[in-house]
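The numbers here are math on the coordinates, done by the rules we state, and not lab data. Just so it is clear, the model here is predicted, and its values are computed rather than measured. Don't worry about glycine lacking a Cβ; one is built from the backbone with ideal geometry, like all the others, and counts go over all protein chains shown.
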Ligand code: DX5
Ligand code: ZN
C-alpha cells in the first residue's frame, strides 16, 4: 500500500541548504523550536534515515519529511566496515540537489580518512565517521570542518566514549550507535543507555557544544529513554519510513522526545 505523504510536500520555511555553510544549526522545524523554547529546553532534532526509504524514489521520500525534519540521515555502507552496501558520493550529490533538508551523512566505511571530506564537498552538512575505522581522527575531523561541514564521530555499541574526551573540541556531534551498524529495523540496545548518560555528563563537564545523536532501533518505544539519558539528535529509519505517514511519524517522535527531554535530569 502506498503511503500518504502528500501533506508534507512543501517546506514551510522555504529555507535551502546552503552547501558548505559552516557548522551552524540546521534549519529547525518552527513547531519544534517553539515548543522547546517555551519549555526552556534544548531543541530536539529529528533525522529520518533514508535507509528504510524507497531507494528508487529518494527525492520523493526526502520531500515526504522535508517540512518536519531537521536533517536527512544518509547511511553510506561499503560492504567492508559493515556487511551491507548502500550508496555513495554520486547519490549524495544528486540528493543534495533535490532536497532542501541538510544531509547528515553517516559513513560506515573503511578508510573514512580518505573519503570523508569528499562527502562534505558533495554537499553534506554533517559528516560522521566511525572511531573504529579512523587512522587519523584529528586530521580527518579537521578536514571535514575545513570542507564546510559539521564533524561527527560515531562509536559502535561496544566502543567506549571515555577515550574520546580530549577530542571533544574537534567534534560537532557524537553518534552513539544503539544497534550494531549495517542494517535498519534492528532492536534497540538498552545497554548503550549508561554510556549515553556518561557521554552527556562528559559533554556538560567540558561545556562543549557537541550534539549527542542516537541511531538504531529508535522509535515510539525507545525514543524517550534516549532523550532522558542525554540524546538530542534522533535518527529513525523504519519508525519513519515504515509508517503509513512518515511526516506524522516524525512529528509524533519529536513530541515524545521533547516531553522526555523536558523531564530529563541532565537538563537541570
Ligand atoms: C544502521 C543505520 C541506521 C538505520 C537505522 O546501521 O546507521 O541509520 O537507518 O534504522 P532503524 O531506525 O530502522 O533502526
Ligand atoms: Zn545511520
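Name the helices (runs of 4 or more DSSP H) wholly within segment 158-256 that hold at least 3 residues that are more than 14 Å from ligand 1 (Cβ to nearest atom) and free of Cβ contacts under 8 Å to residues at least 60 places away in the same chain?
On the way: elements: 193-206, 223-229, 238-241.
Hits in segment 158-256: 193-206, 223-229.
Sort through 70, 104, 60 and tell me the only one that's buried (at least 22 other Cβ atoms within 10 Å of the Cβ), under 19 Å from residue 240 (Cβ atoms) and away from ligand 1 (no atom under 13 Å from the Cβ).
70 is the lone residue from the list that is buried (at least 22 other Cβ atoms within 10 Å of the Cβ), under 19 Å from residue 240 (Cβ atoms) and away from ligand 1 (no atom under 13 Å from the Cβ).
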- Message: Can you report the number of residues in segment 237-249 which are crowded, with 20+ Cβ neighbours inside 10 Å and within 16 Å of ligand 2 (Cβ to nearest atom)?
- Response: 4
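Any chance segment 254-268 includes a residue that's closer than 19 Å to residue 51 by Cα and buried (at least 24 other Cβ atoms within 10 Å of the Cβ)?
Start the filter on segment 254-268 by keeping residues that are closer than 19 Å to residue 51 by Cα, which leaves none.
Looking through segment 254-268, none of the residues is closer than 19 Å to residue 51 by Cα and buried (at least 24 other Cβ atoms within 10 Å of the Cβ).
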- Query: Of the residues that sit in segment 152-171 and are under 18 Å from the mean Cα position of the chain (by Cα) and more than 16 Å from ligand 2 (Cβ to nearest atom), which one is farthest from residue 234 (Cα to Cα)?
  - Reply: 170
